[in-house]
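Everything below concerns the one structure shown next.
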Number of protein chains: 4
Amino acid sequence: MARPRSDDKRMAILSAALRTIAAQGPGAATAAIAKAAGVSNGSLFTYFETKAALLNTLYLELKAEMAAAALDGLSTDQELREQLLYMWVHWLYWATSCPDKRRTLAYLDVSDEITTESRETAHRMMAGVAQLLEQSREHGPMRAVPLAFLLALLSALADTTTDFIIRDPAHAEHHREAGFDALWRMIA
Amino acid sequence: MARPRSDDKRMAILSAALRTIAAQGPGAATAAIAKAAGVSNGSLFTYFETKAALLNTLYLELKAEMAAAALDGLSTDQELREQLLYMWVHWLYWATSCPDKRRTLAYLDVSDEITTESRETAHRMMAGVAQLLEQSREHGPMRAVPLAFLLALLSALADTTTDFIIRDPAHAEHHREAGFDALWRMIA
Amino acid sequence: MARPRSDDKRMAILSAALRTIAAQGPGAATAAIAKAAGVSNGSLFTYFETKAALLNTLYLELKAEMAAAALDGLSTDQELREQLLYMWVHWLYWATSCPDKRRTLAYLDVSDEITTESRETAHRMMAGVAQLLEQSREHGPMRAVPLAFLLALLSALADTTTDFIIRDPAHAEHHREAGFDALWRMIA
Amino acid sequence: MARPRSDDKRMAILSAALRTIAAQGPGAATAAIAKAAGVSNGSLFTYFETKAALLNTLYLELKAEMAAAALDGLSTDQELREQLLYMWVHWLYWATSCPDKRRTLAYLDVSDEITTESRETAHRMMAGVAQLLEQSREHGPMRAVPLAFLLALLSALADTTTDFIIRDPAHAEHHREAGFDALWRMIA
DNA sequence: GATGAATGAGGCTTCATTCAT
DNA sequence: AATGAATGAAGCCTCATTCAT
């Protein structure tokens, strides 16, 4: 009945946090974030109880977006290699076309403000990717290692490849393919 | 500025920084580091002009140690695969037996206090590793990618494998081998 | 400003303020009080212009209740000592059986939000008690001191005695009698 | 070997806290206190870890001073009544001639920043007064009540009397005597 | 009238760095 | 050179009050 909590504002804060953290790291001041969001200092805290809460929310949002980006539109009819490639390409596309998001995610991934619980939730968001990985490695040389290990390796590869694409965008496609081939050789 | 007298004190500070940052992250207060070093608050700044300077020094120290650990005692007589394995094993051994150093390095790697120059110097410290990598991939599927990319992939793999060994030390050897096999498949 | 519609709500706020302040001191946030009253944040300010206004109102309410409790049912037929004892017993009974009210009153008594005017009004509410005191001391050793002084002494005694009864309820009656005897010796 | 922590500064802070709290209540900002002490915002915290620590220290300091003022110079040769009177006079003299101290003590006495431990320590500081009280009431009507109760009554009487002297200093002596006579009648 | 989001001024405390001793 | 007190700029968060709905 009162002014409703505006989703716009909430998203403005999240988006401002994204930009500010990408630029200044997770130490960015809440005041800076609020200002970037065009919102008063105190308003930030009506949408997020705590700076840590904001960070965790942002983290989950980004992880979810990344996972969705990687899997959206995937058709399970194709060969596994094609499916994995599809995921790889989309993942890298997302990561390289939203460098702020990727950078912020990288910061948050190592921040000690991110809860174990958030990390677990994020991990669960990768279930689709994990499943694809599971199928891909089923008969390959890594059939016996923990799936989590494999997932971590995949992330590491994707991350590294993204770095290189951003650093040297002229050879984006080249790097992307090299990365994928390496991945495929590793697991299949 | 003449080099301060006591090298002991300098090393005590570096070592204290290592422990303190491992425990509290790169946000650790200089006062906390000084205290851990058994040195006064202000003395820290006669040995390191700035907190950032200390961090960068520590970063380089650790990177150098890591590179040395990976290559020390390597004999170039053996097969390349053996040499690479030697390096892999020693790298992981260092990383898993000095968790503080590794953790601190992980923190510093993403800290924005570390200058580009430091990162470049650190990169150069890996020349030996890079050379080995270069030889190993010479006739392999990755013969055409930038060596830096390969080095980054190696680092990512080593890092991820270390994570898993620390998390699940009972299967250390298993993880180490799985990681190496994956690496070898990737490049050779 | 027309009196707001719901007296219920007004009293709910006062009662919530009572409980909240008893628990958290006069620094209790208006938001906390509103919540405890089951009323919105903003509504509190349609019933009380200001936090200070709320506090002053509560203060007067409690003082009035205390005065009423002390005198209610007093019959002026009895001996003065009996009348004074009656008042003493009822005062202490009120104070010990509504510890929240007493505690809040204690907080407010020293709060600088309570205006001089409120304090004076409160003082006037004790007229009945004062009158009884006046009669009681008429021929006693304190016949010449300002009545206000006497009243203050009475309050101090009552307060101190209440403290002890609350702290050591097993000997409530004992303390109550000791306090009264002391009072009587003092004035009569 | 460095600049020593200056006792002057420490006392300046305590004294500034005294003045500031007397004027603004225990809610006075640490910044205001620091400014009043002619000290930087942060310096306050090298002398007192916390605002609460500062408040507790000030509380104990004042209580000690008050107890000392009440007993200093007391000769145990005199009659008990004379001794008690001596204490009464000196107590009131202290309280009325340092209204800031008294006011601050009153604020702190009810502040929830003051630890139970501080309160107990303060209580122990009144041992001398308590002992005198104990002797005075030995054969009197209050010989059986808890000494702590008696002490609380004494405090209440002293406080109330002080109030009246401050409010009406023209009759200081009058009030002081009336208060003491009341006390003596109460206990002896 | 009721609601609760919006505001922004502080409040307490931390910390890198400087400086007196 | 060594020490640790001094500094003051931030940082996060709270809260009385206002205002859009």
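In the stretch B:61-77 there is at least one residue matching the filter, namely being farther than 30 Å from B:Ala188 by Cβ and modelled with pLDDT of 95 or more.
For the stretch A:125-143, the criterion of being assigned to a helix (DSSP H, G or I) and at pLDDT below 95 is met by none of the residues. Contact map, the stretch C:27-39: first residue within 14 Å of another protein chain (Cβ to nearest Cβ), second residue within 8 Å of DNA strand F (Cβ to nearest atom), Cβ cut-off under 7 Å, separation 6 or more or different chains; pairs are C:Ala31/C:Asn41; C:Ala34/C:Asn41; C:Ala34/C:Leu44.
Residues that are facing chain A (nearest Cβ under 10 Å) and not hydrophobic (A, V, I, L, M, F, W, C) within the stretch B:173-188 comprise B:His174, B:His175, B:Glu177, B:Gly179, B:Asp181, B:Arg185, listed in sequence order.
D:Leu62 falls short of the stated requirement of being more than 16 Å from DNA strand E (Cβ to nearest atom) and within 14 Å of chain C (Cβ to nearest Cβ). Does the stretch B:113-123 contain any residue that is over 18 Å from the mean Cα position of the chain (by Cα), within 14 Å of chain A (Cβ to nearest Cβ), in a helix (DSSP H, G or I) and more than 16 Å from DNA strand F (Cβ to nearest atom)? No, there is no match, as no residue in the stretch B:113-123 is over 18 Å from the mean Cα position of the chain (by Cα), within 14 Å of chain A (Cβ to nearest Cβ), in a helix (DSSP H, G or I) and more than 16 Å from DNA strand F (Cβ to nearest atom).
Scanning the stretch D:13-27 for residues that are among the hydrophobic types (A, V, I, L, M, F, W, C) and buried (at least 18 other Cβ atoms within 10 Å of the Cβ) gives D:Ile13, D:Leu14, D:Ala16, D:Ala17, D:Leu18, D:Ile21, D:Ala22.
Going by what's in this entry, would D:Leu133 be described as surrounded by 17 or more Cβ atoms within 10 Å (Cβ to Cβ) and either free of Cβ contacts under 8 Å to residues at least 40 places away in the same chain or out of contact with any helix residue (DSSP H, G or I) (no Cβ under 7 Å at 6 or more places or on another chain) (or both)? Against the criterion (surrounded by 17 or more Cβ atoms within 10 Å (Cβ to Cβ) and either free of Cβ contacts under 8 Å to residues at least 40 places away in the same chain or out of contact with any helix residue (DSSP H, G or I) (no Cβ under 7 Å at 6 or more places or on another chain) (or both)), D:Leu133 does not qualify. The residue list B:Leu84, B:Leu105 contains one member that is out of contact with any Cys (no Cβ under 7 Å at 6 or more places or on another chain) and touching a residue at least 60 places away in the same chain (Cβ under 8 Å), which is B:Leu84.
Of all the residues in the stretch B:124-151, those that are more than 14 Å from the chain's Cα centre (by Cα) and within 20 Å of A:Asp181 (Cα to Cα) number 18. Among the residues that make up the stretch D:43-53, is at least one of them within 16 Å of DNA strand F (Cβ to nearest atom) and of a type in the set (D, E, K, R)? Yes, the stretch D:43-53 contains at least one residue that is within 16 Å of DNA strand F (Cβ to nearest atom) and of a type in the set (D, E, K, R). A single entry from B:Ala144, B:Ala148, B:Ala158, B:Ala170 fulfils the requirement of being of a type outside the set (D, E, K, R), more than 9 Å from chain A (Cβ to nearest Cβ) and surrounded by fewer than 18 Cβ atoms within 10 Å (Cβ to Cβ): B:Ala170. Within the stretch C:41-53, residues that are away from every other protein chain (no Cβ under 14 Å) have Cβ atoms under 6 Å from residues that are within 6 Å of DNA strand E (Cβ to nearest atom) in these pairs: C:Tyr47/C:Pro4, counting only partners at least 6 apart in sequence or on another chain.
Looking at the structure I just gave you, is A:Arg5 among the basic types (Lys, Arg) and closer than 30 Å to A:Arg137 by Cα? Spelling it out, it is not the case that A:Arg5 is among the basic types (Lys, Arg) and closer than 30 Å to A:Arg137 by Cα. Residues that are among the hydrophobic types (A, V, I, L, M, F, W, C), in a helix (DSSP H, G or I) and either away from DNA strand E (no atom under 15 Å from the Cβ) or in contact with a Gly (Cβ under 6 Å, 6 or more places away or on another chain) (or both) within the stretch C:1-52 comprise C:Ala17, C:Leu18, C:Ile21, C:Ala22, C:Ala23, C:Ala52, listed in sequence order. Restricting the stretch D:1-26 to residues that are in contact (Cβ under 8 Å) with a residue 40 or more places away in the chain and within 10 Å of DNA strand F (Cβ to nearest atom) leaves a set whose member that is farthest from the chain's Cα centre (by Cα) is D:Arg5.
Might you check whether a residue that is more than 16 Å from DNA strand F (Cβ to nearest atom), over 13 Å from the mean Cα position of the chain (by Cα) and surrounded by 20 or more Cβ atoms within 10 Å (Cβ to Cβ) occurs anywhere in the stretch A:58-76? Checking the stretch A:58-76: not a single residue is more than 16 Å from DNA strand F (Cβ to nearest atom), over 13 Å from the mean Cα position of the chain (by Cα) and surrounded by 20 or more Cβ atoms within 10 Å (Cβ to Cβ).
The values are calculated or read from the model by the stated rules, or taken from the named source; none is laboratory data. Since the structure is predicted, the reported quantities are computational estimates derived from the model, not experimental observations. Please note: Cβ atoms are built from the backbone with ideal geometry, for glycine as well, and neighbour counts cover all protein chains shown.
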